[in-house]
Amino acid sequence: MTYTLKLKHLIIFAIFMVTLLFTASCTRIPRTQAESAEKPVPVPVPVEMMNAKVKFHGDAGKADAKYYFVGDASSAIVPEGYTPLYPVSVNRLIGFMDKEGNLVIEPQFLAIGTSSEGLLSVSIVDDKGKDHLSYSGYLGENGQYAISPRFCDAGDFSEGLARASLQLGIVPETFPIGFIDHSGAFVIPAKYYGHRDFSDGVVWVQQKEHGLSGCIDTKGNVVIPFSYDFKYDADTSSFREGYCFVSTEKKPYVMKDPLPYPKYYIDKSGKKVEQIGEVEGGSFFDGGVSFIESKEAHEWILIDKNGKRLSKSSYDGCVIIDKDMNSYQLYSLIGVEYLLVETYLSRGSDDEIYLFVDGFAMVFTYDGDAKFGLIDREGNEVIKPQYDVLGFFVDGLAKVKIGDSYGYINKLNQQVIKPKYPLAHDFSEELAAVMVENGLYGYIDKKGRMIIEPAYNNADKFKCGLASVQKGDKWIYIDAVGKVVWEPTE
């Protein structure tokens with residue numbers, strides 16, 4: 001992941017969303033029609049979808065089976081008693097195999113989401129319908145449908161609820177969303193708009209498309225009036241640890257001008273947190289601390305919930321990261337800017353992102369180029385901003401870029417693996433994918449020894465014992481010694 005950024009590039013990416021939330025599009029209505037409809041008509045769900053059954057391979061699919069769906073945002077630790085299943089794609093449909101490469105669930109899904117609270121969102125096509133629409137539902141831990149595919153939009157579960165819609169639209173935000181429970185029943189009717197998940201017991205929603213935002217609780221009660229505009233704020237404008245960074249901008253945004261509207265933190269009653277006061281920018285709280293951009297000096301510092309400054313130095317921005325370290329977002333000079341990285345992410349709830357990893361937060365300074373470093377929760381500099389590329393520590397090592405090459409350092413900022421690779425990934429399960437001079441990827445161990453010889457055009461991190469790698473135009477699975485476990489058939 002490359003962090004070499006020019007300031008103009010930061011500004012360009014200011015409204016670029018790298019977080020790819022899982023959605024299932026089921027559109028057949030022209031936008032003009034959708035926008036003109038005052039009261040969208042719910043899509044009649046075909047009986048075949050309501051009664052859909054998952055197609056298992058062979059004699060798989062026992063009622064007492066317990067499967068753990070491995071994905072980008074899932075934990076690398078398989079719970080005891082569970083069988084890990086890995087997604088595979090055949091003829092553009094997704095199914096699942098076991099760790100030995102045996103097909104368990106036949107390829108049948110158009111898309112899959114992130115497993116959350118024991119449920120995995122999936123979408124399938126209604127082959128018998130004249131419009132071949134797609135519908136979304138949820139698989140349970142036994143691989144069967146826990147919630148039949150009957151939604152046009154099905155998000156990931158957070159705090160017991162998930163966004164869902166029975167409406168037909170161009171994108172999920174086109175028609176109202178509500179929130180369903182684990183049975184698939186609407187606890188909160190589909191009468192709102194938005195794409196956020198519940199966090200801290202509340203969620204920001206809009207009463208109309210692109211309207212002002214307010215907060216509702218898990219019962220659907222409005223707890224904060226609809227008076228906030230999050231059009232240009234990050235997905236991370238959600239409550240964490242009782243506080244949320246907000247703005248009250250209600251006029252067109254002008255990129256070249258400073259952000260003129262008040263910005264501050266509020267509590268869950270909507271009251272301004274006076275001890276922090278107005279700020280120019282802010283992240284969320286993580287373990288009682290948060291980064292803010294001071295209104296006067298326009299510098300980023302670490303504070304506690306009383307507004308006390310913790311960091312000794314100031315910075316030009318900080319970095320947040322998702323649960324699986326697949327996506328980084330950059331907070332910087334004019335609010336929130338997004339850092340485009342080489343890996344994509346289907347992220348779950350807003351609760352699955354962090355400022356700190358293994359006790360360290362990433363900060364950067366800018367003087368023509370961005371230089372990245374790490375600080376601890378007390379604000380002490382662990383690694384002074386000095387690297388064009390810096391990863392978080394995984395298995396005790398962090399990747400860095402020095403000159404044109406990547407290597408790895410330990411927590412004492414000592415080089416453990418000398419920089420010699422054109423590209424490198426974070427460690428995972430004691431192995432890291434690195435690119436060599438011929439442009440192919442292999443895997444090294446923590447001593448820098450090549451364990452799996454470079455033979456791949458692209459390579460993902462190991463997860464639950466397997467890694468997905470690209471060889472030619474095919475994506476295959478290999479194990480920790482490089483043995484091919486699964487590859488698509490012609």
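Quick notes
- With each label modelled as a point 7 angstrom along the Cα→C-beta vector, the ASP64-LYS271 pair spans 5.5 nm.
- If R0 equals 22 Å, the separation of the Cβ atoms of GLU241 and ASN380 corresponds to a calculated FRET efficiency of about 0.55.
- Pairwise centroid distance, computed over Cα atoms, of segment 138-155 with segment 47-114, Å: 12
- Computed lengthening from ASN221 to GLN414, 0.36 nm per intervening residue step minus Cα-Cα distance: 64.2 nm
- With the whole protein complex present, GLU381 retains an accessible surface near 80 Å², based on a 1.4 Å probe.
- Pairs over the 22 Å Cα-Cα cut-off, from the set LYS446/LYS483; LYS53/LYS191; LYS268/LYS312: LYS53/LYS191; LYS268/LYS312.
- Accessible-area value, LYS371, 1.4 Å probe, nucleic acids and ligands omitted, Å²: 70
- In this label model, HIS210 and LYS191 are separated by 2.4 nm, measuring between points 7 Å along each Cα→Cβ vector.
- Near GLY118: Cβ cut-off under 14 Å, other residues only, Lys/Arg at +1 and Asp/Glu at -1. The net charge is -4.
- Packing order of peptides 311-319, 146-154, 216-224, highest average first: 146-154, 311-319, 216-224 (average count of other Cβ atoms within 10 Å over each peptide's residues).
- Solvent-accessible surface (1.4 Å probe) assigned to MET97 amounts to roughly 0 Å².
- Residue-count net charge about VAL382 - beta-carbon cut-off 15 Å; Lys, Arg +1, Asp, Glu -1: +1
- Charged neighbours of SER136, selected by a Cβ distance under 13 Å, balance to -1 (K, R count +1; D, E count -1).
- Extension gain from ASP479 to GLU80, taking 0.36 nm per residue of separation minus the Cα-Cα distance: 141.6 nm
- Nitroxide proxy distance, nm - points 7 Å out along Cα→Cβ at ILE451 and SER405: 2.3
The values are calculated or read from the model by the stated rules, or taken from the named source; none is laboratory data. Owing to the predicted nature of the structure, the values given are computational and were not obtained by experimental measurement. FYI the Cβ positions are ideal-geometry reconstructions off the backbone, even for glycines, and counts take in every protein chain you see. The accessibility values were calculated without ligands, DNA or RNA, using every heavy atom of the protein model including side chains. Shrake-Rupley method; radii C 1.70, N 1.55, O 1.52, S 1.80 Å.
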